[in-house]
Every structure is written in structure tokens, then in C-alpha cells.
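The values are calculated or read from the model by the stated rules, or taken from the named source; none is laboratory data. A quick note: this is a predicted structure, and the numbers were derived from the prediction, not measured. Ideal geometry is used to build each Cβ from the backbone, glycine not excepted, and the neighbour counts take in all protein chains shown. Please note that ligands, DNA and RNA were not included when accessible areas were found on the heavy atoms of the full protein model with its side chains. Shrake-Rupley method; radii C 1.70, N 1.55, O 1.52, S 1.80 Å.
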Amino acid sequence: MTTIINTHTHGDHTGSNEGFPATVDILAHENTKANMVKMDAFKGDKAQFLPKRTYKDKMSVGSGKDRVDLYYFGAGHTNGDTWVVYPALRVLQTGDMFAWRDAPTIDRNNGGSGVDYPKTLSKAVAGINNVDVVIPGHSPVTTFKDLQEYQRFMADWVAAVQSAAAAGKSVDDAAASIDLTSKYPGYKNERAKAAITAIYAELKK
Ligand SMILES: [Zn+2]
């Protein structure tokens, strides 16, 4: 074990850094490192477990069959979400940019954006090639086609939230009236309210 990639700042994706020896290389997007610096979990002596190397748009580590490509496509879940591609395996890890088939968590305190989320997903779908298998942040292994579907879901869902806001609907009314589960079979509608609250706050700025 030589390398850890922190896909984003949240404790369930960074909290085990301290369990590994100091020789391990820890990588993250530059905004994620900046977010991690603010966490109590990385203050004082624990600062040694912060990412040692960061990148802005793309970084590759390893070579040949072991090459791993890290991409940043913009804000969504946070402002530092890394997409991890294993080209030889045709596998992609999405972190929490694609966590489950439902509205996402939008962490505005760490730069997340519901408004930008669909655009960021579009860039990822267009910018990542030759992947078959997708490992979402918090749900079972799936396919690249399912990531493409998630991009379409998020484009439709965020547009519906923006229309509800423009029509003057409250968060509760928007949550009660927006349901895309019949258009997107297998999707749930359990996490909408928190995400709508985040998008409304973002639209007010
Ligand atoms: Zn997360």
C-alpha cells in the first residue's frame, strides 16, 4: 500500500488517513486539502495526515497497468471532488459526486453547488472515456451508463427545483411536488428536502 486518494474532505472519506504510516503518499484536489486543513481531525500533530500532493485539473500517478488518473470537473457535492479512473481496469470511482440514486448531499460549507452539479456531471461524463464499471460513493457497483443516467436525472431534478423557486414555492412545497421516480425507475425520493434547502440558499445569494 503506497497511496491514498481522498476524493473529498468528509470524515467518512478522510478519517482513516491516520491509520497508515507516514510513508504513504496522500493525494487530493487542492480545494479538498484546503477544506481538510479546517477540520479538527487534521489540527496539530494530525496535520501530518493531510494530503501531501494536490492538483488542480488532472493528475496521473503510477505507470503502465498501474496508472491511476485523477480528474476534477467542478463543484457539486463539495468544491474538491476527485474522480478516480483506473484505465487498465476500465473502472471509475466517483466519490460522492455519484453516491446513490436520489438527490445528493450538497455541502455548501465546503463549496458544494447544486446549481453547478449537473454541469459538473456532464463534464465528467464527457471527459472520462473507456470506463465500464463505476464504483459510487455509497451504493453498489454499477455501470458507466448508470452514471450517464444520473447526469440526466440531476439535470432534470435541479431544473425542477429552480422552476419551483422561480414560482415562489417553499422548500416543503417544492419537496412535495417534485418526484422523478416514475421517469427514473430505481430512483428514490428520500433526500430531496436537504438538497432543495441547499439549492434555495444558493439561489438567494
Ligand atoms: Zn461526502
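A few remarks follow.
- Relative contact order (percent, whole number), the chain, Cα cutoff 8 Å, 6+ residue spacing: 16 percent
- Dividing the helix sum by the residues of the chain, where each DSSP H run of 4 or more adds -39500 (n - 2.57), gives a mean residue ellipticity at 222 nm of -9500 deg cm²/dmol.
- Most to least packed among 198-204, 154-160 [average Cβ atoms within 10 Å]: 154-160, 198-204
- Carbon/sulfur fraction of accessible area - the chain, other protein chains in place, 1.4 Å, %: 51 percent
- Note that the stretch 98-138 shows a convex hull volume over its alpha carbon atoms of 86 Å³ per residue.
- The length gained by stretching the chain between Leu203 and Leu89 to full extension, at 0.36 nm per residue less their Cα-Cα distance, is 37.0 nm.
- Projected area, mean over directions - the stretch 67-107, Cα convex hull, nm²: 3.1 nm²
- The stretch 11-95: projected area of the alpha-carbon convex hull, averaged over directions, in nm²: 5.8 nm²
- Whole-angstrom gap from the stretch 148-205 to the stretch 22-82, using each part's C-alpha centre: 30 Å
- ³J(HN,Hα), Karplus 6.51/-1.76/1.60, whole Hz, each residue of the stretch 146-163, x for Gly, Pro: 5, 5, 4, 5, 4, 4, 5, 4, 5, 4, 5, 5, 5, 4, 5, 5, 5, 5
- log₁₀ of I(q)/I(0) at q = 0.07, 0.15 Å⁻¹ - the chain, Debye sum with one point per alpha carbon: -0.22, -0.93
- One Cα centroid belongs to the stretch 118-138, the other to the stretch 97-113; the line between them spans 15 Å.
- Amide H contacts of Ser60 (H built 1.01 Å from N, under 5 Å, at least 5 apart or other chain): Leu70
- Accessible-area rank, largest first, for Ser139, Ser113: Ser139, Ser113, with all protein chains present and a 1.4 angstrom probe.
- For the stretch 58-204, the solvent-accessible area with a 1.4 angstrom probe is 45 square angstrom per residue.
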